[in-house]
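One structure below.
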Amino acid sequence: MIKSNCHTHTTYCDGKNSAEEMTLAAIEKGFVSLGFSGHSPMYYEADWTMTQDNIKDYISDVRGIKEKYAHKIDVLCGIELDSDFSGVDLSDFDYTIASVHQLHGEDKIYSVDLSPEELTECVNTVFGGSWNKMAETYFNNLADFVLSGDFDVVGHFDLITKFNGKTPLFDENDAVYKASAIKALDRILDNKPDILFEVNTGAMYRKGNTKPYPAEFMLKRINKRGGLITITSDSHCCDSLDFAFDKMTDYCKSCGFTEAYYLTSDGRKKCSL
């Protein structure tokens, strides 16, 4: 498998290392390309995103790093767009990741991946205690967002399972839950068969989960529908850039895939697993 990662965060948002530090670590690990994907500014200010004040600095910094290390690695300037993104000129970026991190209540916006307590509060307050209703809304919102623009990658499709690793909050084998996820997947694939779904090891690194996003039944559905994948680490620090990539090769193969894609300055490229 060719080493590359298009889901990378730095100190411009909620990452732990600078863009240059991440680039040097990627070079040391033998990466052929590295895509930065800072969290987009939001309509409602959040402390884990870039801001209107630093997004231009982010673009300038990444472009400078691309030129500086062009003889060693292919660096791309991307962005992870949330459904509530604001003030972003998409022409500034080499690629885009479409994600949903929040659900809206009447009086509060809830992060789905900040803490199990906040997600539980969201379910109880907004969805009358029904985890299936929350999941259906989340998957619908993600599908709606992906279909609303010209995006390259679908981010962590089942992000709402982040806290299910050790003490599950809800049953991922529930038939209603599975049906809402498959329905959203099919909507995306019906309209954007060439979009990349990331196989994301972020929660494996940060939460000790044993499986990536998306779940096995979802990944098998993507494969059955002829969908395409890219393996990412959703990295927020140098150490996690290629976390569990070796395991993901076997995982994706077990779900029927024989190849994955990675991003370069010349467009997406295919590699064997």
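The values are calculated or read from the model by the stated rules, or taken from the named source; none is laboratory data. Please read these numbers as outputs of a predicted model, since none were measured by experiment. Here Cβ is always computed from backbone atoms with ideal geometry, including for glycine, and neighbour counts include all displayed protein chains. What goes into the accessible areas is simple: the full protein's heavy atoms, side chains included, and nothing from ligands, DNA or RNA. Shrake-Rupley method; radii C 1.70, N 1.55, O 1.52, S 1.80 Å.
Tally time: how many residues in the range 70-82 are of a type outside the set (A, V, I, L, M, F, W, C) and open to solvent by less than 50 Å² (accessible area, probe 1.4 Å)? The qualifying residues number 4.
Total residues in the range 251-270 satisfying the condition of being part of a loop (DSSP other than H, G, I, E, B), crowded, with 17+ Cβ neighbours inside 10 Å and among the hydroxyl-bearing types (Ser, Thr, Tyr): the figure is 0. When Ile97, Ile73, Ile65, Ile79 are checked against the criterion of being within 28 Å of Glu259 (Cα to Cα), β-branched (Val, Ile, Thr) and more than 20 Å from the chain's Cα centre (by Cα), a single residue qualifies: Ile73.
Residues in the range 170-194 that are in contact with an Asp or Glu (Cβ under 7 Å, 6 or more places away or on another chain) and either outside any helix (DSSP H, G or I) or open to solvent by 70 Å² or more (accessible area, probe 1.4 Å) (or both): 0 in all. The residues of the range 237-250 that are among the hydroxyl-bearing types (Ser, Thr, Tyr) and either more than 18 Å from Cys6 (Cβ to Cβ) or surrounded by fewer than 18 Cβ atoms within 10 Å (Cβ to Cβ) (or both) amount to a single one, Thr249. For Glu67, are the conditions met, namely being surrounded by fewer than 21 Cβ atoms within 10 Å (Cβ to Cβ) and of a type in the set (Asp, Glu)? Considered against the rule, which asks whether it is surrounded by fewer than 21 Cβ atoms within 10 Å (Cβ to Cβ) and of a type in the set (Asp, Glu), Glu67 comes out as yes. Among the residues of the range 83-92, those that are touching a helix residue (DSSP H, G or I) at 6+ places or on another chain (Cβ under 8 Å) and either at pLDDT 95 or above or open to solvent by less than 40 Å² (accessible area, probe 1.4 Å) (or both) comprise Val88, Asp92. Among residues of the range 10-42 being touching a Ser or Thr at 6+ places or on another chain (Cβ under 7 Å), assigned to a loop (DSSP other than H, G, I, E, B) and under 24 Å from Lys247 (Cα atoms), the one that is most open to solvent (accessible area, probe 1.4 Å) is Val32. Checking each residue in the range 93-123 for being under 30 Å from Ser60 (Cα atoms) and either open to solvent by 30 Å² or more (accessible area, probe 1.4 Å) or aliphatic (A, V, I, L, M) (or both) picks out Asp94, Ile97, Ala98, Val100, Asp113, Leu114.
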